[in-house]
Amino acid sequence: MMEEPKPRRRNVAKAEAEEKKNEVQENVEEEHESKDDGDKMSRLTLMEEILLLGLKDREGYTSFWNDCISSGLRGCVMIELALRNRIELDKATSRRNLVSRKVILKSDEQTGDVILDEALKHVKETQPPETVVSWIEYLSGETWNPLKLKYQLRNVRERLAKNLVEKGVLTTEKQNFLLFDMTTHPLQNSVMKAKLIKRVQEAVLQRWTNDVHRMDKKMLSLIVLSHASDVLENAFAPLNDQDYELAMKRVRQLLELDYEAETKKKANPSHDVMWAVFEAFSK
């Protein structure tokens, strides 16, 4: 469930972010136009970007207190499949609202991403079709129906972290936590994360548009799902107070949209999956 964006700054997060910002600022300026990093960034999935925003740079894991990111990542899976034209919503009718519409298969062509292809296989094999809300529950394993537990995507955060290791963004370490050892994935490419944060900031500041349909759909999804996953603050913490307040005000505008109405402004069954995911997290 989405909560109102927190108006007060998290001072600890801000201090840490300022320190990280100072560490990478010089490299960002030198490599801002680096084609390699640009290519790598374009290859990151929505799920990987959410995880990267939520990851503690030195420790290499997400906050133990964050219980939102699991369902947020499953919402990302549905949107990513829709943006890749693999799934869409069935036809809208006057009798059904946005979240009541069913997810249907548009193409079963493999995406090349193991997590996405696993979810795509579940959608393909499920009859009758299910809603976006149901799919987020099934993929998260948060369902009371034992027959649907087979749809749970397991170890998603660890699998995404390994993807980011393969892409040169993270590295792998073993850390001892008193009674047990834990595999962690500290940040290796600080420039990549700094650029991701900069893109998110610019989307609600320098590149902001009041027409949500003109926004890049992946960036729009990144902002809304980052908030739903409780990691958006990590991208905004380095901002000065004036920019921070403006950024949060604009995020609030996105969260307060009538998603049902947005689907009627520009009909697109694939984009409707995105709006349905937003609606699911707004409840």
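Residues in region 169-177: is at least one closer than 29 Å to residue 269 by Cα and either more than 18 Å from the chain's Cα centre (by Cα) or not small (Gly, Ala, Ser) (or both)? No, that holds for no residue. Hey, could you check region 132-159 for residues that are in contact with a helix residue (DSSP H, G or I) (Cβ under 6 Å, 6 or more places away or on another chain) and of a type in the set (S, T, N, Q) and say which is nearest to residue 172 (Cα to Cα)? Residue satisfying both the conditions and the ranking: 140. Each residue in region 92-111 was checked for being assigned to a loop (DSSP other than H, G, I, E, B) and modelled with pLDDT of 95 or more, and 7 pass. For region 219-238, indicate whether the set of residues that are β-branched (Val, Ile, Thr) and surrounded by fewer than 23 Cβ atoms within 10 Å (Cβ to Cβ) is non-empty. Yes; the residues of region 219-238 include at least one that is β-branched (Val, Ile, Thr) and surrounded by fewer than 23 Cβ atoms within 10 Å (Cβ to Cβ).
Each row is one residue, and each column tells you yes or no for (1) aliphatic (A, V, I, L, M); (2) over 19 Å from the mean Cα position of the chain (by Cα).
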| position | (1), (2) |
| --- | --- |
| 212 | yes, no |
| 223 | yes, no |
| 227 | no, no |
| 258 | no, yes |
| 264 | no, yes |
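Among the residues of region 258-268, are any more than 22 Å from residue 202 (Cα to Cα), crowded, with 18+ Cβ neighbours inside 10 Å and of a type outside the set (Ser, Thr, Tyr)? Scanning region 258-268 turns up at least one residue that is more than 22 Å from residue 202 (Cα to Cα), crowded, with 18+ Cβ neighbours inside 10 Å and of a type outside the set (Ser, Thr, Tyr).
Taking region 161-197 as the range and being more than 19 Å from residue 56 (Cβ to Cβ) and charged (D, E, K, R) as the test, only 166 passes. Give me a count of the residues in region 97-138 that are within 20 Å of residue 160 (Cβ to Cβ) and among the hydrophobic types (A, V, I, L, M, F, W, C). Going through region 97-138 one residue at a time, the tally reaches 8.
The values are calculated or read from the model by the stated rules, or taken from the named source; none is laboratory data. All values reported here derive from a predicted model rather than from experimental measurement. No Cβ is skipped: glycine too gets one built from the backbone with ideal geometry, and neighbour counts run over all protein chains shown.
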